[in-house]
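**Q** Dropping a structure here in structure tokens format, bear with me for questions.
The values are calculated or read from the model by the stated rules, or taken from the named source; none is laboratory data. Here the structure is a predicted model, which is why all the values come from computation and not from measurement. Positions of Cβ are generated from backbone atoms using ideal geometry, with glycine treated the same way; all protein chains shown enter the neighbour counts. Ligands, DNA and RNA are stripped out before the accessible areas are found, and what is left, the full protein with its side chains, is counted by its heavy atoms. Shrake-Rupley method; radii C 1.70, N 1.55, O 1.52, S 1.80 Å.
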Amino acid sequence: MNLRLPAISAILVLIVIVAPLLAHHSVQAQFDLNKPITLTGKITKVEWINPHSYLLMEVSDDKGNVKRWAFEMAGPGALRKSGLSRADRGGLKAGDVVTVNGVLAKDGSDLGLLKDIKLLDGRVFTVWTNDPYAR
């Protein structure tokens, strides 16, 4: 009887620790690593949030039709490591024209995973490497 309470407590602690790890999705579950995309467009919004930040942009085609895209990025900590900072939004602000390289979402939506971003002044920030396990 005395061992039952510590055993139950230990199991509950393990569940609390392991559950968040199971909730995180893999890159390959949502994005097709074999479908690269490069787009140039105007930033409409940058969301610096955990666990993933987002870059929203509008891209015009040859006929002038505008398509809205969303690119998932790493969290703010990884963005800082790549040279971007939240204080100045990494130099990214609404209205800026940028070129992004990434991979497309598997579901065919206008969503991608951002690999790198190039600003008009020539600076390039690599946010994600070719390692799908982010090592």
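**Q** Hey, can you tell me all the residues within the range 40-55 that are of a type outside the set (Lys, Arg), modelled with pLDDT of 85 or more and open to solvent by 40 Å² or more (accessible area, probe 1.4 Å)?
**A** Of everything in the range 40-55, those that are of a type outside the set (Lys, Arg), modelled with pLDDT of 85 or more and open to solvent by 40 Å² or more (accessible area, probe 1.4 Å) turn out to be Thr40, Thr44, Glu47, Tyr54.
**Q** Right, another one. So how many residues does the range 47-58 have that are among the aliphatic types (A, V, I, L, M) and touching a Ser or Thr at 6+ places or on another chain (Cβ under 7 Å)?
**A** So the answer is 2.
**Q** Kindly evaluate Ala70 against the criterion of being in a strand (DSSP E or B) and open to solvent by less than 40 Å² (accessible area, probe 1.4 Å). Full working, then the answer.
**A** Numbers: in a strand (DSSP E or B): yes; open to solvent by less than 40 Å² (accessible area, probe 1.4 Å): yes.
Against the criterion (in a strand (DSSP E or B) and open to solvent by less than 40 Å² (accessible area, probe 1.4 Å)), Ala70 qualifies.
**Q** Only one of (1) crowded, with 19+ Cβ neighbours inside 10 Å; (2) in a loop (DSSP other than H, G, I, E, B); (3) at pLDDT 90 or above is not met by Gly95, so which one is it?
**A** (1)
**Q** Which residue is modelled with the highest pLDDT, if the candidates are limited to the range 63-91 and must be hydrophobic (A, V, I, L, M, F, W, C) and more than 15 Å from the chain's Cα centre (by Cα)?
**A** Here the residue is Val66.
**Q** Looking at the range 104-118, I want the residues that are among the acidic types (Asp, Glu) and have a partner that is open to solvent by less than 30 Å² (accessible area, probe 1.4 Å) and in a loop (DSSP other than H, G, I, E, B) with Cβ atoms under 7 Å, at least 6 apart or on another chain. Which pairs are those?
**A** Note: pairs meeting the criteria are Asp116/Val127.
**Q** Follow-up question, since we're still on this one. From the list Gly108, Gly75, Gly122, exactly one residue is surrounded by fewer than 18 Cβ atoms within 10 Å (Cβ to Cβ) and over 24 Å from Asp32 (Cβ atoms). Which is it?
**A** Gly122
**Q** Also: Return the pairs, sorted by first residue and then second, in which the second residue is charged (D, E, K, R) and open to solvent by 80 Å² or more (accessible area, probe 1.4 Å), the first residue lies in the range 33-54 and is within 13 Å of Ile117 (Cβ to Cβ), the beta carbons are less than 7 Å apart, and the residues are 6+ apart or on different chains.
**A** Close Cβ pairs satisfying both conditions: Ile43/Lys93; Val46/Arg89.
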